[in-house]
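Peer 1: Handing you this structure, nothing more for now.
Each value in this text was obtained by applying a stated rule to the coordinates, not by laboratory testing. Since the model is a prediction, treat every value here as computed from it, not as a measurement. For neighbour counting, all protein chains shown are included, and Cβ atoms are generated from backbone atoms with ideal geometry for every residue, glycine included.
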């Protein structure tokens, strides 16, 4: 039963990528860990394969429509790939526990959910004109935006390598505001960047975790089918309402992940306080007085 449920979610992962251009990784990891029973570290590496493959598949239609900006992808993508490899190498260190990765993942989901809800609330009312086509070039937010673009790229890449988050919720706004490209190009370019991040992050994990290749291939295939379905449904669905609903769904999943790992977080806090307690007790101990 769990096998069927997990693979149904794989289709939903692809649909979310096809509809929104992101959101796949934040669904793939909880499904693999809590439904399919895969340990977090291998699940993160498998998530990189699944989301990377599906993102690459999703970028092909954008390439045919001319919605890929290869120059911006090279600048931002090179930084994110370096960050993704470094993040994956950090994840293999002994002191980076699975519980820490899942807590960081849950916090990342909270940020992503908040941004999606905020954008859906602040979005202008839809008109008959295509919403994405109406968003043209935006004035750059800074003079040397390419430097900030690479800086954010490294940060997003590290997060991708550590917890498997593709980072579409941060990549698309960065490409629009800092890369100075239209929204359509930002979505298509972000898919290509996510695919490159996944490759770099996977290279950092290889040799350090064992992967269930059968499950990975089946998830990737079904997610790819879901992407095709999502791309078709995108023309019939309101983007604003979809983002808002998906944002609240992510909020619920993030809360679930954090609750599941609350014991590990509390244990870590207790250990840190236990290390400090002897020192504090010694500091407040009254001075010894020797009697004759």
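Peer 1: With labels modelled as points extended 7 Å from the Cα through the Cβ direction, what inter-label distance (nm, one decimal) is found for residue 151 paired with residue 1?
Peer 2: About 5.2 nm separates the two model spin labels.
Peer 1: What distance in nm separates the simple spin-label points at residue 259 and residue 70, each placed 7 Å from Cα in the Cβ direction?
Peer 2: 4.9 nm
Peer 1: A further question on this structure: Ranking request for peptides 65-71, 104-110: highest mean number of other beta-carbon atoms within 10 Å first, then the rest in descending order.
Peer 2: On the way: 65-71: 14.3, 104-110: 21.3.
Ranked by mean Cβ neighbours within 10 Å, highest first: 104-110, 65-71.
Peer 1: Now for a different question. What does the highest-first list of 203-213, 46-56 look like by mean Cβ count within 10 Å?
Peer 2: Numbers: 203-213: 14.5, 46-56: 27.6.
Ranking, from highest mean packing down: 46-56, 203-213.
Peer 1: Going by average Cβ neighbours within 10 Å, how do the peptides 90-99, 253-262 rank, with the highest at the top? Present the calculation step by step, with values, prior to reporting the outcome.
Peer 2: Numbers: 90-99: 14.2, 253-262: 17.0.
Packing order, densest peptide first, comes out as 253-262, 90-99.
Peer 1: Given R₀ = 25 Å, FRET efficiency for residue 60-residue 217 by Cβ-Cβ distance, to 0.05?
Peer 2: On the way: r = 19 Å, r/R0 = 0.78.
After rounding to 0.05, the efficiency reads 0.80.
Peer 1: What is the calculated FRET efficiency for residue 249 to residue 229, with r their C-beta to C-beta distance and R₀ = 25 Å, to the nearest 0.05? Could you put the intermediate results ahead of the total?
Peer 2: Details: r = 18 Å, r/R0 = 0.71.
Approximately 0.90, to the nearest 0.05.
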